[in-house]
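Working notes, structure below.
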């Protein structure tokens, strides 16, 4: 069951404290710091901060089903928790994606949002940022999965005019003050995969986080789609490898010229 983070503050304080901090006075100090962080977040965003452990009844079943090494042990959340029960498509791509890839990401996400799919992505610059914006601009919904603690979160300037907490959920598996680290971004990608019924790789090199996310999703037998570029260079060589290894190519419809998202809709409906 999801509970107020304030309700769980003593447990959260214990997570933040080292073994040397377990003396009651220091534990009380840590609880006070957690309280202050929760206060700051709830005041800043005007929303209650929620928390769930992996063994709680309300924890997303799709995350509980992940292997132990991939499964987050907790989630913090701000926004509309009901989005966790809706059908979602994970979007991943490079932070330094080409302008062509960004255009495709925006186009595909807008179409998926119109089909009622929640867009799940990682809030990085590049493809992720376009995905969240395109979903909201189309009147759709999005789940933002952070690679850092929620105390580090802020609403990006380009999303402020689109922001609607009824259509947005921000989640993090990390303690509130955790800073960004590359290995946490990789762990975050597995959570995106776990919260999604299908994954779309927009543009991936043959190494790095985007490519790894596609490989892991294939290993879990998750429906994986990769944009099928007519020209392959180093920036998108991972797309071709993923397609060769079982990802389904996302192509344009021969008649309309629009991206053919029907296979994605069919995959998430099964």
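The values are calculated or read from the model by the stated rules, or taken from the named source; none is laboratory data. What you are looking at is a predicted structure, and each value in this text was computed from that prediction instead of being measured. Please note: Cβ atoms are built from the backbone with ideal geometry, for glycine as well, and neighbour counts cover all protein chains shown.
See the values below:
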{"read-out": "Filtered residue count, the stretch 89-123, keeping only those that are surrounded by fewer than 24 Cβ atoms within 10 Å (Cβ to Cβ), assigned to a loop (DSSP other than H, G, I, E, B) and out of contact with any strand residue (DSSP E or B) (no Cβ under 6 Å at 6 or more places or on another chain)", "value": "5"}
{"read-out": "Residues satisfying the stated conditions in the stretch 74-88, i.e. within 23 Å of residue 184 (Cβ to Cβ) and either touching a helix residue (DSSP H, G or I) at 6+ places or on another chain (Cβ under 7 Å) or buried (at least 24 other Cβ atoms within 10 Å of the Cβ) (or both)", "value": "75, 76, 78, 79, 88"}
{"read-out": "Qualifying positions in the stretch 142-170 - over 22 Å from residue 117 (Cβ atoms) and surrounded by fewer than 18 Cβ atoms within 10 Å (Cβ to Cβ)", "value": "152, 154, 155, 157, 160, 161"}
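Every residue, every condition in (1) more than 23 Å from residue 146 (Cβ to Cβ); (2) surrounded by fewer than 21 Cβ atoms within 10 Å (Cβ to Cβ); (3) modelled with pLDDT under 95, yes or no:
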{"residue": "189", "(1), (2), (3)": "no, no, no"}
{"residue": "201", "(1), (2), (3)": "no, no, no"}
{"residue": "215", "(1), (2), (3)": "no, yes, no"}
{"residue": "226", "(1), (2), (3)": "yes, no, no"}
{"residue": "264", "(1), (2), (3)": "yes, no, no"}
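The rows are residues; the columns are (1) modelled with pLDDT under 95; (2) over 19 Å from residue 198 (Cα atoms).
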residue	(1), (2)
62	no, no
79	no, yes
85	no, no
90	no, no
98	yes, yes
109	no, no
112	no, no
115	no, no
122	no, no
